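K.L.:
Here it is: the structure, laid out below.
Each value in this text was obtained by applying a stated rule to the coordinates, not by laboratory testing. This structure is a prediction, so every number in the text was calculated from the model and none was measured. Here the Cβ positions follow ideal geometry from the backbone for every residue, glycine too, while neighbour counts run over all protein chains shown.
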Amino acid sequence: MLDIKFVLENADAVKASEVARGNDPEVVDELLKLYNARNRTRGQFDEIRAKQQLLGKSVAAARAQDEKSKTLQELKLLAQKVDAAKLAAVDAQNEYDACAQKLQNVVVGAPSGGEDDYVVLKEVGQCATEQSLGFSPKHHSELGEQLGIIDTDRGSKVSGSRFYFLKRLGARLDLALINMGLDLALSNGFAPMVTPTLVRPEVMRGTGFLGLHDAEVYRLSEADDLYLVGTSEVALAGYYSDEIVEFLDGKPIKFAGFSACYRREAGAAGKDARGIIRVHQFHKLEMFVYCKQEHAEQEHTKLLEMEEQMISALELPYRVIDVAAGDLGSSAARKFDCEVWLPSENRYLELTSTSNCTTFQARRLRIRERFQGENAQSSTRSVATLNGTLATTRWIVAILENHQQEDGSVRIPEALRPYLGGVEVITPDSKGA
């Protein structure tokens, strides 16, 4: 949610942001219209309510019975007007709130356009091909099956399409990546968190994962009215909802949240259907930062640096892209993706994302900090929130594809070996033991 004062003072910039996202900028004019209507009906209610209170006092002051009866009759009629004015004010507020929820965060620095209009900021490492490898690289699903570490057939039998079992070293790889990422997070001042995977609708809505993204979210029955999260970002964003946070010495509050994650992948039929790239359930270690508004951009840079550090330690070729405005989530003002190379498909695959959500989520969730204003008066203001991926189950795909060898084995990167008890190579003979 945007600050209405900011929208009033920067209506053209907000419209330009909506256009860059591919949205109709008329929503800004509609919001301003509803804002004025809300203020007008609220003023009318306050005026009539004040008259009612004043007239109520005159009843007690009236001495003559006929005068008192006349005043009571006027008070009764005025009460009806108060009720009608209150109802009009509530309706106007609801219309305004509904429209305000449609407005997305203002884009900051992201290129215009849609999914294919990203800008490549850097490319790191040598991308393996059949020519450079000297053999035809196998798809990760084939490798996982031959190594005995991924079983999608039985996953589908038990739970349906896009589910899987990770077995033996496959399961250990998943946990090893999480623990490696957690060590990196700890060394950078992040507090570890194991988060709920079920959240209330107001938290899911506050982080921007309802509305346009309804189709991607699993919802429990109406009796429970809870949602399964697609990232621990949701729970971590809701952690301080309706609270005033304190930044000790101005330093950000940083969490590394681990959780199982669930996504419906609606509309993804046939897309990345093989293996464990686009699945309904996976594990993820997510970085989440609360900070002062003016620190958000530098914290965003730090999150990206940590993601790159993790990818580089695993010896994976990758590129960093600046995601175009039309491909941003509604909460993100800017997002950088790290994409890893897949030699079996000769393409890049998104491995991590980090988003600067500025004050958008915090305003919706009412998360504030105490702030010294220009007039030296103490007040409160919204904080900024950011998020970034540090490890997910999908990273297994990157390791299998990029570290496969001609004999069908997979070399474990040195940095990951301590988290696997020193295992250096997964071989077909070992069956992932």
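K.L.:
So which residue, out of VAL27, VAL383, VAL229, gets the largest mean-square fluctuation from a GNM of the chain using Cα contacts under 10 Å as springs?
P.N.:
Comparing VAL27, VAL383, VAL229 in the GNM, the peak value goes to VAL27.
K.L.:
Let me ask something else. How large is Rg over Rh for the stretch 82-127, taking Rg from the Cα atoms and Rh as the Kirkwood inverse mean of 1/r across Cα pairs? Could the numbers behind the result be given before it?
P.N.:
Numbers: Rg = 22.0 Å, Rh = 15.2 Å.
Result for the stretch 82-127 is an Rg/Rh of 1.45.
K.L.:
With each label point set 7 Å from Cα along the Cα-Cβ vector, what nm distance links VAL19 and THR129?
P.N.:
4.1
K.L.:
In the chain, what % of DSSP beta bridges are antiparallel (nearest 5)?
P.N.:
Working: 54 of 60 bridges.
Taking every DSSP beta bridge with both residues in the chain, the antiparallel ones total about 90 percent.
K.L.:
Taking just the C-alpha trace of the stretch 93-240, give me its Rg and Dmax in Å.
P.N.:
20.9, 66
K.L.:
Can you find, among ALA391, GLY206, LEU147, the residue sitting farthest towards the positive end of the charge dipole of the stretch 119-430, where Lys and Arg contribute +1 and Asp and Glu -1 at Cβ?
P.N.:
Positive-end residue among those listed: GLY206.
K.L.:
Under a 10 Å cutoff between Cα atoms, tell me which one of GLN53, GLN404, GLN146 has the largest fluctuation in the Gaussian network model of the chain.
P.N.:
Comparing GLN53, GLN404, GLN146 in the GNM, the peak value goes to GLN53.
K.L.:
If you don't mind, there's one more thing I want to ask. To the nearest 10 degrees, how steeply does helix 169-187 sit against the main Cα axis of the chain, on a 0 to 90 scale?
P.N.:
60
K.L.:
ARG363: net charge of surrounding residues, Cβ under 11 Å, Lys/Arg +1, Asp/Glu -1, itself excluded?
P.N.:
After counting each charged neighbour, the total is +3.
K.L.:
Additional query: Based on alpha-carbon centroids, what's the gap between the stretch 13-38 and the stretch 95-146 in Å, whole number please?
P.N.:
Taking the Cα centre of the stretch 95-146 as reference, the centre of the stretch 13-38 is 29 Å away.
K.L.:
Return the long-range amide H neighbours of THR352 (sequence gap of 5 or more, or a different chain), with a cut-off of under 5 Å between placed amide H atoms.
P.N.:
Close amide H contacts, sequence-distant or interchain: CYS338.
K.L.:
Kirkwood-based Rg over Rh for the stretch 119-430 (C-alpha set), two decimals?
P.N.:
Values: Rg = 20.2 Å, Rh = 20.5 Å.
My calculation puts Rg/Rh at 0.99.
K.L.:
Moving on to the next point. Taking the chain as the reference, fit the longest principal axis to its C-alpha atoms, fit the long axis of helix 296-313 to the helix C-alpha atoms, and give the angle between the two in degrees, 0 to 90, nearest 10.
P.N.:
20
K.L.:
Taking the chain as a Gaussian network, Cα atoms linked when under 10 Å apart, which of ILE48, ILE399, ILE244 shows the biggest mean-square fluctuation?
P.N.:
Of ILE48, ILE399, ILE244, the Gaussian network model singles out ILE48 as fluctuating most.
K.L.:
Quick one: divide the alpha-carbon radius of gyration of the stretch 4-102 by 2.2 N^0.38 Å and tell me what you get. Present the calculation step by step, with values, prior to reporting the outcome.
P.N.:
Working: Rg = 20.6 Å, N = 99, 2.2 N^0.38 = 12.6 Å.
Dividing the Cα radius of gyration by 2.2 N^0.38 Å gives 1.63.
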